[in-house]
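Below is one structure; the comments refer to it alone.
The values are calculated or read from the model by the stated rules, or taken from the named source; none is laboratory data. Predicted, not measured: the structure shown is a model, and the values here were computed from it. Virtual Cβ from ideal backbone geometry, glycine too; neighbours counted across all protein chains shown. With ligands, DNA and RNA removed, areas are computed over all heavy atoms of the protein, side chains included. Shrake-Rupley method; radii C 1.70, N 1.55, O 1.52, S 1.80 Å.
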Amino acid sequence: MYKKMVMAFRVALLFMLAAVILPAGMMEFYKPDRSMADISFSAETVNAEPNAVISERPGPKLANGANAITAPGPVAVAVAASAVPPKKHSVKTVYLTFDDGPSGLTGEVLDILKKADVKATFFILGQQADTRPELIGRMHEEGHAIGNHTYNHDYGKLYQKFTEFWRQIKLTEETVRRITGERPQLVRAPGGTAGNFDAAYFDLMKQGGYKVFDWNVDSGDSKKRGVPAAEILKGATTPIDGNQTIVLLHDGAGHQETVKALPGIITFYKKKGYRFDVLTPEIKPVQFKLQNRVKPKTAQPGARWIAENVSVNAALFQKGRTLSVEMGGLATEFAPGEYRMEEGKLLVPLRAAVERLGGSVNWKGDTKTVKVTLAHSGWIADPIKGTMTSTDGRNNLVTPEVRFMGHTVWVPLRETLELSGHRLEPIVLKDNVYKIVAL
């Protein structure tokens, strides 16, 4: 009898322990993954139909007591970009890359590529692109990839401090955007990263959303002036281990021998069974190892500069909704990252918005204000006080959305158009585009 009671007690004890342990274990098993970003959507944003009209929210008061109309209703949505796994190269692939163009030779290079039905990647200089925009347009139209090779290739300045390198990247990026409507995410450092990039350069470029590519086959066409075509062909076809071959070539001025060598290079890789392709952000970059001896830097950027310039830059390359604005027969678009939505209000960079819509801005250094002329109307933006005031004094809007972000003045879009004398149609979301029409 005693043994039976002991056995029963043990069984009961086991059940009690199970009742405590199992739920705790299940709770741990189903605990939310904290590595995922918290994502919050407004019901309006989530449920909006392709042709939905977005409602508006009451805005701040004007000084004359009238209600200002705010930007559309959806609350800002912050979504962590999902990581794209690097492409795996199961087949032999060659990437022909050209640096330092466009030049008077680039048209010949494009002709050869077109005849051979081959696509390439061009790392262009912004200074050259400004003088030959038609060649950038042709590269884009014919399916080639366009990368950023800084603005003027000046080693002495580019590698003294990162802020100058960044400035040139952004200058060239804007040039390409004006011509093609797209921002180049691919970057190649003049001379390559070896001995030029320190750890900060690598880290900040990655943080800014860029993909920095070096190469693993050097044609040798820039090691001295006038390298003969036969020597370039030999260098460009150097065998390497692996299936991913990135060939360094140049289409800048003085590289006529590279143009002569190009047909032979293409023929070689075709006979070897390689496929030709363009570099993309999804491909794992080929990068030289960080060198112990790097050109000394005069200064490193501070935390505030990084936060205002680099940290926010990656959003420019994330997929999202485009903002389309039509006013007075002119139209412009802001890509994801070029505008912001905060608490239901659309914010845009003042200079970019006004100039794209045919207006002008004039910075007043003494008062730290911006004089705006848009659609025959004038007003003053004061980012210190957070005001937008018509020059005739009849309207004075007080709104904290008028402010500096970095060195750029940002303003609420709706108020910008309203102060310029335009009434806005209801905002429509169609085909993943916010469309705003100002009458």
In percent, how large is the relative contact order of the stretch 303-375, given Cα pairs closer than 8 Å and 6 or more residues apart? 19
Pseudo-spin-label distance LYS223 to ARG177, built 7 Å along Cα→Cβ, given in nm, is 4.0
Keeping all protein chains in place and using 1.4 angstrom, which order do GLU326, GLU343 fall into by accessible surface area, from largest down? GLU343, GLU326
Using only alpha carbon pairs under 8 Å that are at least six residues apart, calculate the relative contact order of the stretch 296-439 and give it in whole percent. 21
What accessible area per residue comes out for the stretch 166-227, rounded to a whole number of Å², with a 1.4 Å probe? 38
Give the cross-link partners of LYS284 among the aspartates and glutamates, using a straight C-alpha distance below 18 Å as the criterion and excluding same-chain residues fewer than 8 apart. ASP203, ASP214, ASP241
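Once the piece of chain linking GLN127 and THR408 is laid out straight, how much longer is it, given 0.36 nm per residue of separation minus the C-alpha distance between them? Don't skip to the end; give the middle numbers.
On the way: separation 281, 0.36 × 281 = 101.16 nm, distance 2.33 nm.
Computed gain between GLN127 and THR408 is 98.8 nm.
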Under the 7 Å Cα-to-Cβ spin-label approximation, ARG394 and SER311 lie apart by a distance in nanometres of 4.3
Excluding residues on the same chain fewer than 8 positions from LYS364, give the aspartates and glutamates whose Cα lies under 16 Å from its Cα. ASP382
How large is the accessible surface of ARG132 in square angstrom, using a 1.4 angstrom probe and rounding to the nearest 10? 80
Accessible-area order (highest first, 1.4 angstrom probe) of the listed residues LYS114, LYS157, LYS92: LYS114, LYS157, LYS92
Partner aspartates and glutamates for LYS115 [C-alpha distance under 17 Å; skip if fewer than 8 residues away on the same chain]: GLU141, GLU142, ASP277
Can you tell me, using C-alpha contacts under 8 Å and at least 6 residues apart, the relative contact order of the stretch 92-196 as a whole percent? 26
Using the basic label-point model (7 angstrom from Cα toward the beta carbon), what is the ASN362 to GLN160 distance in nanometres? 3.4
Using alpha-carbon positions, what is the distance between the centroids of the stretch 305-357 and the stretch 372-430, in Å? 15
Under 5 Å from the placed amide H of ALA189, counting only residues 5+ away or on other chains, we find PHE213
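Sort ASP111, ASP277, ASP214 from largest to smallest accessible area, using a 1.4 Å probe on the heavy atoms of the protein chains.
Numbers: ASP111 85, ASP277 35, ASP214 0 Å².
The ranking, largest first, comes out as ASP111, ASP277, ASP214.
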Leaving ligands, DNA and RNA out of it, work out the accessible area of ASP241 with a 1.4 Å probe and give it in Å² to the nearest 10. 150
Determine the shape class of the stretch 326-394: with a ≥ b ≥ c the square roots of the Cα gyration tensor eigenvalues, call it rounded for a/c under 1.5, and otherwise prolate if a/b is greater than b/c, oblate otherwise. oblate
Over 23 Å (Cα to Cα) among LYS260/LYS295; LYS224/LYS297; LYS319/LYS345; LYS234/LYS289; LYS119/LYS272 -> LYS260/LYS295; LYS224/LYS297; LYS234/LYS289
Each residue of the stretch 244-261 in order: what ³J(HN,Hα) in whole Hz does its phi give by Karplus 6.51 cos²θ - 1.76 cosθ + 1.60, θ = phi - 60°, with x for Gly and Pro? 10, 10, 10, 9, 8, 9, 9, 10, x, 4, x, 10, 4, 5, 5, 4, 5, 7
